[in-house]
Amino acid sequence: MNDFIFKDNELYCESIPVKKIAEEAGTPFYLYSLATIKRHFKAFNESSKIMDSIVCFSVKANSNIAILNVLFKLGWGADIVSGGELFRSIKAGVDTSKVVYSGVGKTAGEIEFALNSDILMFNIESMSELHLINKIAENMGKKARISFRVNPDVDPKTHPYISTGMKKNKFGINIKHALESYEEAKKLNNIEAVGLDCHIGSQLTEVAPFDDAVKIIKDLLLKLNKKGFNIQFIDLGGGLGITYENEMPPHPSTYMNSIKDILGGYKGKVIFEPGRVIVGNSGAFITKVIYNKSTGHKNFVIVDGGMNDLIRPALYEAYHEIIPVIKKTGSRVKADVVGPICESADFLGKERTFHSVDEGDFLAVLSAGAYGFSMSSNYNSRPRAAEILVDGDKYYIIRKRETYEDLIEKENIPDLKL
Ligand SMILES: *Cc1c(COP(=O)(O)O)cnc(C)c1O
């Protein structure tokens with residue numbers, strides 16, 4: 001069930017040898033399979049249909065407008081966390097009536113942009129934000145649809161940097177204050193509280209933490225109903241995990257069935273915000289071996305892609321499988337696969353055992369389609385990598401490799417008296 005497969009000894013993406021693309025486009029680059037994206041879309045979408053639901057793709061997982069365009073054309077909306085993501089989504093053809101906006105630090109300018117775009121709703125993360133949105137909406141003569149993002153204080157059992165629904169996290173409204181928050185919203189003329197939201201973290205590989213959160217949400221929903229609030233949308237966020245190494249995440253249908261059972265007689269719509277589960281395994285990061293280096297103490301394979309391109313190993317100690325694009329034979333080595341950046345955290349894989357590779361060989365860093373390019377930077381003044389989308393026997397450059405000129409394009413040397 002993968003579109004990155006070996007035929008004989010050569011890695012293909014769908015019907016194209018990866019080596020051919022690497023030779024034509026240069027390295028490093030992100031390579032995505034359209035077939036994988038469509039398959040993951042379908043699995044999630046069909047599962048979500050057991051409820052009256054809206055799926056909003058989490059733009060931060062992969063923000064390329066070509067990929068967004070595919071998901072929007074197939075019928076999904078967007079889960080955004082900034083004005084920049086709203087801009088991208090609009091350029092990629094989103095139906096703004098299916099846009100939900102999360103994030104703890106929405107600025108006045110971003111709020112105005114979102115109100116002008118008539119998005120579905122703001123997921124509110126603080127009372128200060130609620131009041132600012134009310135004020136801006138009033139000035140614009142509009143009513144803002146909102147939900148409160150509540151923090152249910154459940155442990156998603158994932159890496160601490162990607163857990164968001166515990167009381168120590170900065171996200172959401174303390175569940176204990178949820179009712180008063182809705183009461184407060186009711187007093188505001190330019191706010192319409194239509195939803196209830198939570199997102200507890202990312203890369204969850206068990207259903208139990210989701211279930212715990214949904215039970216807490218259901219409980220709150222019943223209390224809100226009793227007080228006469230009309231909740232039309234329950235937004236359950238994203239977070240479904242993928243296999244990087246040997247994780248066994250639940251299938252979307254297992255997750256959805258469980259949610260449906262817990263929500264029981266709820267009559268409104270359910271919103272999902274998947275990111276990683278749709279695009280994570282649809283992408284690989286392709287890089288070239290520059291040098292083999294042995295310090296006598298350790299072996300290093302130095303490649304032309306680094307932490308500026310793919311920061312997950314450095315940031316979360318995340319594991320990505322790394323395989324040669326042409327299968328190797330012969331002696332095996334244990335080595336760290338590292339980039340050219342001047343940081344000790346600049347590694348793509350540690351202590352990996354594989355057939356020794358030669359300088360000039362291409363390597364594929366798998367499961368890199370989510371939080372890969374979208375988290376990349378120009379650190380060490382490295383032009384950002386290209387992004388390429390494969391569809392069958394064709395490939396498309398969906399983002400050109402940056403140039404040196406791009407690096408300094410926005411910079412300016414003032415005329416200083418020195
Ligand atoms: C990041 C994020 C998501 C997507 O998370 P995945 O783990 O990629 O599914 C969804 N909703 C919100 C609010 C987020 O911050």
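The values are calculated or read from the model by the stated rules, or taken from the named source; none is laboratory data. Because the structure is predicted, anything quoted here is derived from the model rather than measured. Virtual Cβ from ideal backbone geometry, glycine too; neighbours counted across all protein chains shown. Please note that ligands, DNA and RNA were not included when accessible areas were found on the heavy atoms of the full protein model with its side chains. Shrake-Rupley method; radii C 1.70, N 1.55, O 1.52, S 1.80 Å.
Quick notes
- Applied to the stretch 373-380, the Karplus parametrisation 6.51 cos²θ - 1.76 cosθ + 1.60 on θ = phi - 60° returns per-residue 3J(HN,Hα) values of 4, 5, 9, 7, 9, 9, 3, 6 Hz, with x for Gly and Pro.
- With contacts taken as Cα pairs under 8 Å at a separation of at least 6 residues, the stretch 20-130 carries a relative contact order of 19 percent.
- Mean Kyte hydropathy of 1.0 or more with a Cα span along the axis of at least 20 Å, helices from DSSP in the chain: none
- By a 1.4 Å probe calculation restricted to protein chains, THR164 has an accessible surface near 20 Å², given to the nearest 10.
- Cross-link partners for LYS215 among the aspartates and glutamates, with Cα-Cα distance under 17 Å and sequence neighbours closer than 8 places in the same chain left out: ASP153, ASP155, ASP197, GLU206, ASP235, ASP261.
- Summing Lys and Arg as +1 and Asp and Glu as -1 over all other residues whose Cβ lies under 12 Å from the Cβ of ASP155 gives a net charge of 0.
- Residues with amide H under 5 Å from that of TYR12, placed H, sequence gap 5 or more: ILE5, PHE6, LYS7, VAL18
- Ranking PHE44, TYR161, ASN246 by how far each Cα lies toward the positive end of the dipole of the chain (charges on Cβ) leaves PHE44 at the top.
- Across the chain, Cα-Cα pairs more than 35 Å apart make up 33 percent of the total.
- Amide proton proximity set for GLY349, modelled H, under 5 Å, gap of 5+: VAL337
- Under the simplified labelling scheme, the LYS20-ILE408 pair shows an inter-label distance of 3.9 nm, with each label point 7 Å from Cα along Cα→Cβ.
- Among GLY195, GLY392, GLY305, the residue with the largest mean-square fluctuation in a Gaussian network model of the chain, with springs joining Cα atoms closer than 10 Å, is GLY392.
- Centre separation in Å (Cα based) which lies between the stretch 121-141 and the stretch 1-43: 44 Å
- Cα-centre dipole for the chain with unit charges at Cβ (Lys and Arg positive, Asp and Glu negative), debye to 20: 760 debye
- Over 27 Å between alpha carbons, listed pairs LYS135/LYS157; LYS60/LYS91; LYS168/LYS260; LYS20/LYS328: LYS135/LYS157; LYS168/LYS260
- Near PHE57, the amide H atoms lying under 5 Å from its own belong to GLY77, ALA78, ASP79; only residues 5 or more places off or on other chains count, and H is placed 1.01 Å from N.
- Stretching TYR161 away from LYS226 to a fully extended chain increases their span by 19.7 nm, per 0.36 nm per residue minus the current alpha-carbon distance.
- Flagged links, alpha-carbon separation over 21 Å, of LYS49/LYS106; LYS187/LYS269; LYS42/LYS218; LYS19/LYS394: LYS49/LYS106; LYS187/LYS269; LYS42/LYS218
- Ranking SER63, SER147 from most to least accessible surface, computed with a 1.4 Å probe over the protein chains only, gives SER63, SER147.
- Per-residue HN-Hα couplings for the stretch 149-165 [Karplus 6.51, -1.76, 1.60; θ = phi - 60°; Hz; x = Gly/Pro]: 7, 9, 9, x, 6, 10, 8, x, 6, 10, 4, x, 6, 10, 9, 10, x
- Summary of the geometry: the stretch 262-294 and the stretch 192-246, compared by the centres of their Cα atoms, lie 19 Å apart.
- Across the stretch 326-335, computed HN-Hα scalar couplings (Karplus, 6.51 cos²θ - 1.76 cosθ + 1.60, θ = phi - 60°) run 10, 4, 9, 10, x, 5, 9, 10, 10, 8 Hz from first to last residue, x flagging Gly and Pro.
- Each Lys and Arg Cβ is given +1 and each Asp and Glu Cβ -1; about its Cα centre, the stretch 95-274 then shows a dipole of about 620 debye.
- Rounded to the nearest whole angstrom, the semi-axes of the ellipsoid equivalent to the stretch 95-274, taken from the Cα gyration tensor as √(5λ), stand at 28, 18, 15, largest first.
- Mean residue ellipticity, 222 nm, helices only, the chain: the sum of -39500 (n - 2.57) across DSSP H runs of n ≥ 4, divided by residue count and rounded to 500, is -8000 deg cm²/dmol.
- For a label point 7 Å along the Cα-to-beta-carbon line of GLU46, residues of the stretch 1-39 with backbone N under 19 Å: 1-3, 34-39
- Low-density loop positions, trypsin sites (Lys or Arg not before Pro), the stretch 190-292 - DSSP coil, at most 14 other Cβ in 10 Å: LYS227, LYS267
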